1. Could you rank the peptides 139-145, 88-94, 7-13 by their average count of other C-beta atoms within 10 Å per residue, with the highest value first?
2. Starting from the Kirkwood radius over alpha-carbon pairs of the range 10-148, derive D by Stokes-Einstein at 4 °C in a medium of 1.567 mPa s and give it in µm² s⁻¹.
3. So how much slack lies between Val144 and Thr120, counting 0.36 nm per residue of separation and subtracting their Cα-Cα distance, in nm?
4. Just subtract the alpha-carbon distance of Leu26 and Glu49 from 0.36 nm times their residue separation and send over the number in nm, one decimal.
5. Can you figure out the FRET efficiency of Ala17 with Arg106, using R₀ = 22 Å and their beta-carbon distance, to the nearest 0.05?
6. What's the angle, to the nearest 10 degrees (0 to 90), between helix 35-45's Cα axis and the longest principal axis of the chain?
7. Which listed residue (Ala51, Leu30, Ala65) has the Cα farthest towards the positive end of the charge dipole for the range 10-148, taking +1 on Lys and Arg C-beta and -1 on Asp and Glu C-beta about the Cα centre?
8. In square nanometres, what is the average projected area of the Cα convex hull of the range 1-91?
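Read-outs: derived from the displayed coordinates by stated rules, not from any lab. Everything numeric here is computed off the predicted structure, so don't read it as measured data. When we count neighbours, we look across all protein chains shown, and the Cβ atoms used for this are built from the backbone with ideal geometry, even at glycine.
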Amino acid sequence: MKVRWQDVNWKHGVKTALAAGLCLVLARMLKLYQPYWACVSTIVVMQSETAATITASRDRVVGTAVGALVGWGAAYLWKGNFLAYALAVLVCMVVPELIGLKGAGRLAGVAATIILLVPTSFSYGAVARDRFLEVSFGIVVALVVSHVLWRHTTVAKT
């Protein structure tokens, strides 16, 4: 199937690129420790329509919060044990589903995995806190840009 230039969702691409660029500039100004997590979050949650961006943002922030707490708790209590990691991922998958946010589970698992498996010289609590703050910052930038620029940027059908 050949894709035509006029079928490309340029507005969504431009909106996402602007949000990611703005996020990087602001994250650097605020001296976030790992600003790329904010930028990744901006890109991940940005959707063609504002309502979809809000839903993706909710899942991402809840998933990150659950994953940060579970990852920090697992690291604090069991220090890298295989069973602790597997149990942490299980808890991350189940807790969001129990509160009706099934899409947040995999994001929680990712956050816990980053906290538990990425080597760092910082405390697990600091890593969990920073990850949540960086992700949340990226989400806020995406929500603001989504609200301001082209709320409905779906591809026109011809």
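1. 139-145, 88-94, 7-13
2. 86
3. Taking Val144 through Thr120 to full extension adds about 5.5 nm, to one decimal.
4. Extra length available between Leu26 and Glu49 comes to 5.9 nm.
5. 0.30
6. 60
7. Leu30
8. Value for the range 1-91: 9.0 nm².
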